[in-house]
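Below is one structure, written out as structure tokens; comments come after it.
Coordinate-derived values only; no laboratory data. The structure displayed is predicted, hence computed values, not measured ones. Every residue, glycine as well, gets a Cβ built from its backbone with ideal geometry; the counts of neighbours run over all protein chains shown.
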Amino acid sequence: MQRVVDIVKSAKVDFVEIWFCDILGFLKSQVVTPPELERAAEDGIGIDGSSLRGVMPIKASDMVARLDPATFALIPWRKDYKVGRVMADLYHPNGEPFSGDPRTILKNVLAKVKEAGFNVYIGPEIEYFYFRSSERAELVERCGYFDILPDDAATKMHCRTIEYLAAMGIEVEKAHHEAAPSQHELDLRYDEALRMADKILTTRYVIKTVARQEGLHATFMPKPIATVNGSGMHTHISLFTGSRNAFFDKDDEYHFSKVGKQFIAGLLKHSRQITLLTNQWVNSYKRLTPGFEAPVYVCWAQGNRSVLARVPIYKKGKETATRIEYRSPDPACNPYLAIAAIVAAGFEGIKNKYELGAPFEGDVYTIALSEEEMKKHEISTLPGSLVEAIVEAENSKLVREILGEHAFRELIRMKRKEWLDFSRCITQYELDTYLPIL
């Protein structure tokens, strides 16, 4: 931490923002001055846990945010003051890590995987929309996949976003227009799992910041427009033992190892249980429907983009590029909980030596499989609604283990309230459909 204090002094930083998030993945911050940062390096920063969703009741609300010096970066767009930021973990005043802190939850999962000899690397594809405002889904342009227009405002925003992220130590592999009008994608270069969760949180903030600079609104809402594709966050995973990719096997037909197949088997077996953590909103399930390039059926393949889990073949036979792509998460998830769930589910397959069934090479984007076909190929479906996902998670021993008792109880409580609030709403569809005839 002394290195950060020295950087703050030498760079004449005016303020430092302490970043953390609540259980739903919303970014939170406290601002301190450089002298306070020196004290915080030793003792942490006090916070009121009762004011954060899913943290602590008011009678036990004193919490401490302890800084992770490896995450320090200057915020490049601040012009009035020089500002830095550093991520933090939440602790109890007695020095015990707070088990309900999303960052701590992910660290606990990764520690178990580390004990087995694996390091986890993640690479996300973050999709989102630009709209005229936050009031309604008014398109900025009508471009499609990979399209570009002369003097394209979106391309300018891509470039500025990449510039800001690079200044904060976050590498972007590419950015482009996605399939739906006004929809875009930004792919981060893979990194260690905890660092990637930090980077996803930061990237969402930067994307929204750049959009606001242009008088626009960027949203990670999974399905803001009913008639076009929703936004996903396809997540690429690889496990390494030292410098070797544990998913690679040069002698296998797919160049894919037994460990990799067991990991996919774990993902498929537990996919319904963890969907609440990868797709946490009512609106998430409007995206997970047939016909809009989002996964619905629990199956795997090599190359086939319509399945839930696939083995990309961009660089067939290249060890470092061998990975699994899990396609159900959306960009509105809590990245710490989503990554924790994906890693834990896959690791269950390795620990328990799950057998992976045959790949399914059919197109399951646009067709609805019959019950007979699903039975024949041993295919199930992801939850079709938030309440279905809640029930799956609530009955899951694995999800309870991932979250710990406190976060498990709080998340289920909040999600049940969200479903109840949604269920009480009278939608325009109901008025248009039923009011004239009932």
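For residue 370 and residue 153, a Förster radius of 60 Å and the Cβ-Cβ distance give a FRET efficiency of 0.85, rounded to the nearest 0.05.
Taking a point 7 Å out from the Cα of residue 80 in the direction of its Cβ, the residues of the stretch 6-44 whose backbone N falls within less than 19 Å of it are 13-18, 29-34. Under a model in which nothing but the beta-carbon of Lys, Arg (+1) and Asp, Glu (-1) is charged, the stretch 107-428 shows a dipole of about 780 debye around its Cα centre.
The overall shape of the stretch 316-438, judged from the alpha-carbon gyration tensor, is oblate: a/c is not under 1.5, and a/b is no greater than b/c. Once you've got the GNM for the chain with C-alpha springs shorter than 10 Å, pick whichever of 124, 335, 34 has the biggest mean-square fluctuation. It is 34.
Backbone amide hydrogens, once placed in the peptide plane, bring residue 188 within less than 5 Å of 126, 173, excluding anything fewer than 5 places away on its chain.
Determine, from the Cβ-Cβ distance of residue 167 and residue 435 and an R0 of 51 Å, the FRET efficiency 1/(1 + (r/R0)^6), rounded to the nearest 0.05. Intermediate values should be presented prior to the final figure.
On the way: r = 54 Å, r/R0 = 1.06.
So, using R0 = 51 Å, E works out to roughly 0.40.
With a Förster radius of 35 Å applied to the beta-carbon distance between residue 426 and residue 254, the computed FRET efficiency rounds to 0.10.
Using a cutoff of 8 angstrom between alpha carbon atoms and counting only pairs six or more residues apart, the relative contact order for the chain works out to 15 percent. Among 237, 379, 23, which one moves the most in a GNM of the chain with springs linking Cα atoms closer than 10 Å? Residue with maximal mean-square fluctuation among 237, 379, 23: 379.
Based solely on its DSSP helices, what 222 nm [θ] is calculated for the chain when runs of n ≥ 4 H residues each add -39,500 (n - 2.57) and the sum is averaged over all residues, nearest 500 deg cm²/dmol?
Values: 12 runs with 160 residues, N = 438.
Using -39500 (n - 2.57) per qualifying helix, the result is -11500 deg cm²/dmol.
Rank-order 381-388, 162-169, 180-187 by packing density, defined as the average count of other C-beta atoms within 10 Å over each peptide's residues, highest first. Please report the intermediate quantities before stating the final value.
On the way: 381-388: 18.5, 162-169: 16.9, 180-187: 22.1.
By packing density, highest mean first, the sequence is 180-187, 381-388, 162-169.
Rg and Dmax, both from the Cα atoms of the stretch 2-94 and both in Å, are 13.6, 41. Counting charges near residue 185 (Lys, Arg +1; Asp, Glu -1) among other residues having Cβ under 9 Å from its Cβ returns a value of -3. Sparse packing (at most 15 other Cβ atoms within 10 Å of the Cβ) combined with a DSSP loop state is found for none of the GluC sites (Glu not before Pro) in the stretch 1-93. Straight-line cross-link partners of residue 156 among the lysines, defined as a Cα under 26 Å from its Cα and at least 8 positions apart when in the same chain: 79, 82, 174, 199, 208, 223. Taking a ≥ b ≥ c as the square roots of the Cα gyration tensor eigenvalues, with a/c under 1.5 meaning rounded and otherwise prolate when a/b beats b/c, else oblate, which class fits the stretch 345-394? Note, shape of the stretch 345-394 comes out oblate. The stretch between residue 189 and residue 352 holds 55.6 nm of extra length on full extension. This uses 0.36 nm per residue minus the Cα-Cα distance.
Stretching the chain fully between residue 115 and residue 146 yields a gain of 6.9 nm (0.36 nm per residue, less the alpha carbon separation).
Which whole-number percent of Cα pairs in the chain have a distance greater than 30 Å? Don't skip to the end; give the middle numbers.
Details: 43434 of 95703 pairs.
Beyond 30 Å sits 45 percent of the P(r) for the chain.
Helix check for the chain. Which DSSP H runs span at least 24 Å along their own axis by Cα, with a mean Kyte-Doolittle hydropathy no less than -0.5? Mind showing how you got there, number by number?
On the way: long enough: 193-213 (30 Å, 0.03); 258-278 (28 Å, 0.17); 397-423 (29 Å, -0.55).
Helices meeting the span and hydropathy rule in the chain are 193-213, 258-278.
For a test of the definition: using alpha carbon positions, the gyration tensor, and the 1.5 limit on a/c, classify the stretch 200-348 as rounded, prolate or oblate.
Values: a/c = 1.97, a/b = 1.65, b/c = 1.20.
Cα axes put the stretch 200-348 in the prolate bin.
Partners of residue 375 within straight-line reach, counting lysines whose Cα lies under 22 Å from its Cα and excluding those fewer than 8 residues away in the same chain: 261, 269.
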